[in-house]
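Right, one structure below, let's go through it.
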Amino acid sequence: MIAAWMLYSIVLGVLVVVAATPIESLVRSVGGPTRRVWGTALCAAVLFPIVGMLLKDSAAAVEVGNALVVASPSAGLLMVGVDALAWLDGAFVAGWMILSTLLGFALGGGLVTTAIRARRWEGAEVDGVSVLVSRNVGPAVVGVWRRRIVVPQWALTLDAVQRSMMLRHEQEHVRAGDPGLLLLSALMVAAFPWNPAIWLIATRTRLAIEVDCDRRVLGERNPDLRGYAELLLSVGARQSRLAYGVGFSLGRPFLEERIDRMTSAPARSTRAQSALVAFGLVGVLAAAWALPQPVRAAKVGTSTVMCPIGSDTAELTAGLLAGVDWSS
């Protein structure tokens, strides 16, 4: 039933993305932290398939000889689909384990490599901020529990205004605890590498982390948007990517979107738009709850129970079985 559950999880993940996208726009329009939206979406995409199976009884079915007794009309169709995918279970589990192991080693290797490289960087104080100075790595924040700002030597040659904005950007990452959220998203991708929805949510989470940080840095009354955008482009062209860390740049596609969001005023949300988003969210949650779960029938007389049977279902099944002529 693993293959069917994986498909069920992917569909739920897609519903979470559909719900989170308009919520992000609404939160951005009021100047709220969008990274929390995608952080919550990440947790929901992982937990919904698990919690849903635990809290909501699956459609129960029992095989009596060649007859199938079901508790709902959809149970039979669901079991046909589950049985059709059952032959893929072994291959899917093996692929899952291999991918998770590879990504786990890559993540762990990145953390270890960054920690080893950080020991070779010299400590310094730049404009009153304690930093690590590397040859060409950064600007970025490294470490999860002990967060340190690392800047490259060439960044020290920036003018005072640009250097101040760069350092404030990294300080905001430290204050917001962004490395922890980044690590969580990486762990979820490694744990469920077969779910494209989680990959997408992790990507949007990383972008939201940087967009929120840009918004906080430019939160003053007369922000230097042009100077900050030029700094983003300059750092993006020269930044050396870390094996693991929250960096000033995320690559050209992300830079373009960040600059676009900085230079364009967010649309003001209206009550009608808020109500529409709330209505859509309720609809998505209802669809997620109503999504049929993968079930499999249990044979009478076997010691293995393949699906949970609630009290109402048990009474129905007992009544149906009482009328069966067992002598034949």
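Points worth noting:
- With all protein chains in place and a 1.4 Å probe, the accessible surface of the range 113-236 carries 52 percent carbon and sulfur.
- The fraction of Cα-Cα pairs per 10 angstrom bin, counted from 0 for the range 193-236, comes to 23, 38, 24, 13, 2 percent, rounded to whole percents.
- Residue-count net charge about residue 121 - beta-carbon cut-off 13 Å; Lys, Arg +1, Asp, Glu -1: +4
- Relative contact order of the range 91-156, taken over Cα pairs closer than 8 Å and 6 or more residues apart, is 21 percent.
- Residue 272-residue 106 FRET efficiency (beta carbon distance; Förster radius 41 Å; 0.05 resolution): 0.35
- Protection proxy ranking of 171-181, 120-130, 155-165 - average other beta-carbon atoms within 10 Å, highest first: 171-181, 155-165, 120-130
- The translational diffusion coefficient of the range 81-184, from Stokes-Einstein at 4 °C and 1.567 mPa s with a Kirkwood hydrodynamic radius over alpha carbon pairs, comes to 79 µm²/s.
- Percent of Cα pairs in the range 125-213 per distance bin of 10 Å, from zero to the largest separation: 16, 41, 29, 12, 2.
- The modelled label-to-label distance for the pair residue 174/residue 99, using points 7 Å beyond Cα in the direction of Cβ, is 3.8 nm.
- Cubic angstrom per residue, convex hull over Cα atoms of the range 160-204: 68 Å³
The values are calculated or read from the model by the stated rules, or taken from the named source; none is laboratory data. Remember, it's a predicted structure, so these values are computed and weren't measured experimentally. Because the Cβ atoms are built from the backbone with ideal geometry, glycine has one as well, and the counts that use them run over all protein chains shown. Protein only, heavy atoms only, side chains kept; ligands, DNA and RNA dropped before computing areas. Shrake-Rupley method; radii C 1.70, N 1.55, O 1.52, S 1.80 Å.
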